[in-house]
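One structure below.
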Amino acid sequence: NAGVTQTPKFQVLKTGQSMTLQCAQDMNHNSMYWYRQDPGMGLRLIYYSASEGTTDKGEVPNGYNVSRLNKREFSLRLESAAPSQTSVYFCASSGQGFSNQPQHFGDGTRLSIL
Amino acid sequence: GENVEQHPSTLSVQEGDSAVIKCTYSDSASNYFPWYKQELGKRPQLIIDIRSNVGEKKDQRIAVTLNKTAKHFSLHITETQPEDSAVYFCAAVENTGTASKLTFGTGTRLQVTL
């Protein structure tokens, strides 16, 4: 049972390049989330998907787009990367979203934008 | 939206002593409060959580207390060990009715010295 799997683990981009971060969970969870983690700022919610077919903005959505491909997969896209998007990105999932189930995190993607 | 403040930002204790981390939240509608431990370079991992209908919860050396009136909750670690050294995050969950949105505190770096 892998839990939440993120790819890639590391990536270096040049300013203006685009890329998609992939996330998949095998726990049959309904809800999925993308966070970014910056030093001294904790984890901040970028986008979330309460269930397959729905997505909503979190605290810091600017510069990002998401796709809930199916129940298992939730991707995060940077259309035109900027140095301010250098961060560690975590994907998470949880069971029934409205019943306050714990969120389980992937190992993260370390993204550097030059 | 929810705002979570966490103190202290760093905490150093001697092995065997107790450690206490405190958090406050702003949204009285928040009803679920998880605590995560993050070791260097690793994913956040849930260590304990508490729901709003409970005032205290214990799991071996870890306990969490919640004061809904004052809107604060605390993590207590007794008999600390070197492997407790990590960054700890509190969080408060806003239930939107379709998903549970976590708002994190900025973290406490706990160092347990021999």
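The values are calculated or read from the model by the stated rules, or taken from the named source; none is laboratory data. Quick caveat, the model's predicted, so the values are computed rather than measured. Here the Cβ is made from the backbone with ideal geometry for all residues, glycine too, and neighbour counts use every protein chain on show.
Couple of notes before you dig in:
- When B:Ser30 is tested against (1) surrounded by fewer than 14 Cβ atoms within 10 Å (Cβ to Cβ); (2) within 13 Å of chain A (Cβ to nearest Cβ); (3) of a type in the set (Gly, Ala, Ser); (4) more than 14 Å from B:Phe89 (Cα to Cα), exactly one condition is not met: (1).
- Which listed residue, of B:Thr10, B:Thr65, is out of contact with any Gly (no Cβ under 8 Å at 6 or more places or on another chain) and under 25 Å from B:Val112 (Cβ atoms): B:Thr10
- Flag: B:Lys37 does not match the condition of being within 15 Å of the chain's Cα centre (by Cα), away from chain A (no Cβ under 13 Å), in a strand (DSSP E or B) and modelled with pLDDT of 95 or more.
- Verdict on A:Ala2 being in contact (Cβ under 8 Å) with a residue 24 or more places away in the chain, within 13 Å of chain B (Cβ to nearest Cβ), more than 17 Å from A:Phe90 (Cβ to Cβ) and of a type outside the set (Asp, Glu): no
- Residue satisfying all of: in the stretch A:5-52; part of a strand (DSSP E or B) and of a type in the set (Lys, Arg); farthest from B:Lys42 (Cα to Cα) among these: A:Arg44
- Residues that are part of a loop (DSSP other than H, G, I, E, B), in contact with a Ser or Thr (Cβ under 8 Å, 6 or more places away or on another chain) and over 30 Å from A:Thr54 (Cβ atoms), drawn from the stretch B:72-106: B:Thr78, B:Glu79, B:Thr80
- As a summary of the residue check, B:His72 satisfies the conditions (1) over 12 Å from the mean Cα position of the chain (by Cα); (2) away from chain A (no Cβ under 14 Å) except for the one numbered (1).
Let's see how each residue does on (1) in contact with a Pro (Cβ under 6 Å, 6 or more places away or on another chain); (2) modelled with pLDDT of 95 or more; (3) surrounded by 14 or more Cβ atoms within 10 Å (Cβ to Cβ); (4) of a type in the set (Val, Ile, Thr):
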residue: B:Ser12; (1), (2), (3), (4): no, yes, no, no
residue: B:Arg43; (1), (2), (3), (4): no, yes, yes, no
residue: B:Ile62; (1), (2), (3), (4): no, yes, yes, yes
residue: B:Phe73; (1), (2), (3), (4): no, yes, yes, no
residue: B:Cys90; (1), (2), (3), (4): no, yes, yes, no
residue: B:Gly97; (1), (2), (3), (4): no, no, no, no
residue: B:Thr106; (1), (2), (3), (4): no, no, yes, yes
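- Scope the stretch A:53-102; condition under 21 Å from A:Gln25 (Cβ atoms), in a loop (DSSP other than H, G, I, E, B), within 12 Å of chain B (Cβ to nearest Cβ) and of a type outside the set (S, T, N, Q); matching residues: A:Gly53, A:Gly58, A:Gly95, A:Pro102
- Odd one out for B:Ile21, checked against (1) of a type outside the set (Ser, Thr, Tyr); (2) surrounded by 14 or more Cβ atoms within 10 Å (Cβ to Cβ); (3) assigned to a strand (DSSP E or B); (4) within 11 Å of chain A (Cβ to nearest Cβ): (4)
- Where B:Gly55 falls short, out of the listed (1) more than 13 Å from chain A (Cβ to nearest Cβ); (2) within 15 Å of B:His76 (Cα to Cα); (3) surrounded by 13 or more Cβ atoms within 10 Å (Cβ to Cβ); (4) modelled with pLDDT under 95: (3)
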